[in-house]
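Q: Submitted below is the structure of interest, expressed as structure tokens.
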Amino acid sequence: TQGAGAVAMLVTENPRIVTLERDNQFKSADIMDFWRPVYATEALVDGHFSADVYRDFFKTLWERYKAVTGRTIHEFKGFAFHLPYTKQGLKALRDILPEASETQQTALLAEFEASRVYNKRIGNLYTGSVYLSLLSLLSNSTTLQAGDRLGIFSYGSGAEGEFYSAIVQPDFKQGLVSGQLETLFAKRQQLSIPAYEQLFNEQLSGAEDRVLDISQDPAKFVLAGLQRQQRQYVAH
């Protein structure tokens, strides 16, 4: 499920893409479903437990949201989920689908497919996953219209969750940066498993000096290595 990337957006008084509603509901709890011990460089995870917590948080917040706002599933055109892997969001959506008519169930599932197009190609962005899902929904749906309400579910292991809604704005697609992801996808290079493992293990752990291969790094400023326990950054 591992991926890498970030999502940037402008939050403005006059939004061109969606209006964020002031209806958010949130929850937090001390749950050890994903953690990194102080002695470890890699995280540990209880996968099945974490998946169950995710769904429990969503159902709890969904019920709380309905109670506070008086809204029902019939007022939603689609949902964007935090997607550590895309089937996780599908499981959460299926938990509430019985509240919708058969026609709306089919429509919501179609919008979910639009919402996970990019996440399936990139993998888990952690904090950014839900916003990549939202971007994917806005970019790939063929039926979204101005005034449609979207549900957004954000989640983080440990654990915390938040649910809120957004209203699609007129000409919302004109506010999206067009062609950006396809350009990034075209520049990607496939790695073999040994090559990936070598890159993964080239982390700056310990105190020894290190020199990293930056010849293929497209960034303007890059981390070049470690000297005397000091990170060395250079400009290309």
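Q: Does at least one position in segment 182-197 carry a residue that is touching a residue at least 60 places away in the same chain (Cβ under 8 Å), in a loop (DSSP other than H, G, I, E, B) and surrounded by 10 or more Cβ atoms within 10 Å (Cβ to Cβ)?
A: So far as segment 182-197 goes, no, none of its residues is touching a residue at least 60 places away in the same chain (Cβ under 8 Å), in a loop (DSSP other than H, G, I, E, B) and surrounded by 10 or more Cβ atoms within 10 Å (Cβ to Cβ).
Q: Can you go through LEU176, LEU132 and tell me which one is farther than 30 Å from LEU223 by Cα and either among the hydroxyl-bearing types (Ser, Thr, Tyr) or assigned by TED's automatic domain parsing to the domain that holds ILE96 (or both)?
A: When all the criteria are applied, what remains is LEU176.
Q: If you don't mind, another one. Right, LEU10: closer than 24 Å to SER139 by Cβ and in contact (Cβ under 8 Å) with a residue 24 or more places away in the chain or not?
A: No: the conditions fail for LEU10.
Q: To continue, here is another question. Among the candidates GLY161, GLY175, GLY156, single out the residue that is closer than 25 Å to GLY3 by Cβ and crowded, with 19+ Cβ neighbours inside 10 Å.
A: GLY161
Q: In segment 110-135, what residues are surrounded by 15 or more Cβ atoms within 10 Å (Cβ to Cβ), under 21 Å from THR72 (Cα atoms) and of a type outside the set (D, E, K, R)?
A: PHE112, SER115, LEU134
Q: Does THR143 meet the test of being under 28 Å from PRO15 (Cα atoms), part of a loop (DSSP other than H, G, I, E, B) and in the same structural domain as SER28 (by TED's automatic domain parsing)?
A: yes
Every residue, every condition in (1) surrounded by 13 or more Cβ atoms within 10 Å (Cβ to Cβ); (2) in contact (Cβ under 8 Å) with a residue 12 or more places away in the chain, yes or no:
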site	(1), (2)
ALA4	no, yes
SER50	yes, yes
ARG55	yes, yes
LEU61	yes, yes
VAL68	no, yes
LYS77	yes, yes
LEU83	yes, yes
GLN88	yes, yes
ARG94	yes, no
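Q: Residues SER129, SER141, SER154: which one is in contact (Cβ under 8 Å) with a residue 24 or more places away in the chain and touching a Pro at 6+ places or on another chain (Cβ under 9 Å)?
A: SER129
The values are calculated or read from the model by the stated rules, or taken from the named source; none is laboratory data. Since we're looking at a predicted model, the values are computed, not measured. No Cβ is skipped: glycine too gets one built from the backbone with ideal geometry, and neighbour counts run over all protein chains shown.
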